[in-house]
Amino acid sequence: MTSRFPQAFLWNAFFLLVCMPTAWAHHGFNGRYDLSKPVWIEGVVTKAYFGQPHAELSIRTAASLAVPSPLPDLAESSSFLSAGSLVVIQELRGQVVRVELPPTGQFFSLERRIKVGDRVAVIAVRNCDSPFQLNGQWVKAGNGAPVARSGSMSYMVKGC
């Protein structure tokens with residue numbers, strides 16, 4: 001049996017020393033994500049990445065994208081998101097939209113449920129600052145149960 005300790009240790013040291021400053025800037029931990037206007041995104045997956053530092057989905061939306069009726073059950077996310085506040089951003093209609101997912105096991109587990117060509121729905125919070133990244137908090141693939149974050153994070157604010 002071979003030990004993975006040296007390889008894992010070297011990777012972690014490399015990440016902390018070389019990649020962490022870039023990751024810190026990329027993720028915008030100093031950014032603010034608006035909880036007051038959660039964004040509805042629904043469409044067909046054109047790209048799905050489930051690796052570090054976080055999973056990402058690219059979703060082609062329809063030109064007619066609209067908030068669903070009836071409103072979705074937010075599951076665990078109802079502690080910080082309001083379905084009644086859902087919005088569709090006009091400039092995202094008919095576009096391929098990139099959504100970052102939280103770097104947690106529950107969202108990485110979606111790799112078994114989401115493939116290119118699948119229809120998905122996502123509720124995301126939008127960064128208040130350019131380039132206005134979308135951070136998915138609730139994801140529903142096909143007829144499956146949604147995967148949802150259970151609580152807000154410190155970078156989430158009520159209005160920009």
Completion exercise
The condition of being assigned by TED's automatic domain parsing to the domain that holds W40 and either within 22 Å of Q52 (Cβ to Cβ) or assigned to a loop (DSSP other than H, G, I, E, B) (or both) holds, among A145, A121, only for A145
Fill in the blank from the handout: Apart from one, (1) closer than 22 Å to P53 by Cα; (2) exposed (fewer than 15 other Cβ atoms within 10 Å of the Cβ); (3) of a type outside the set (A, V, I, L, M); (4) touching a residue at least 24 places away in the same chain (Cβ under 8 Å) all hold for R112; the odd one out is (4)
Problem - Set E100, E76: member being within 17 Å of A145 (Cβ to Cβ) and surrounded by 13 or more Cβ atoms within 10 Å (Cβ to Cβ) - result: E76
Exercise for the section: Please give the number of the condition A66 fails out of (1) more than 20 Å from the chain's Cα centre (by Cα); (2) modelled with pLDDT of 95 or more. Expected result: (1)
Handout entry: Top-ranked residue of the stretch 124-139 - restricted to ones that are touching a residue at least 60 places away in the same chain (Cβ under 8 Å) and more than 15 Å from A55 (Cβ to Cβ), ranked as surrounded by the fewest Cβ atoms within 10 Å (Cβ to Cβ)
Key = D129
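The values are calculated or read from the model by the stated rules, or taken from the named source; none is laboratory data. Predicted model, so just to flag it, every value in this text is computed and none were measured. As a convention, Cβ positions derive from the backbone with ideal geometry for all residues, glycine included, and neighbour counts pool all protein chains shown.
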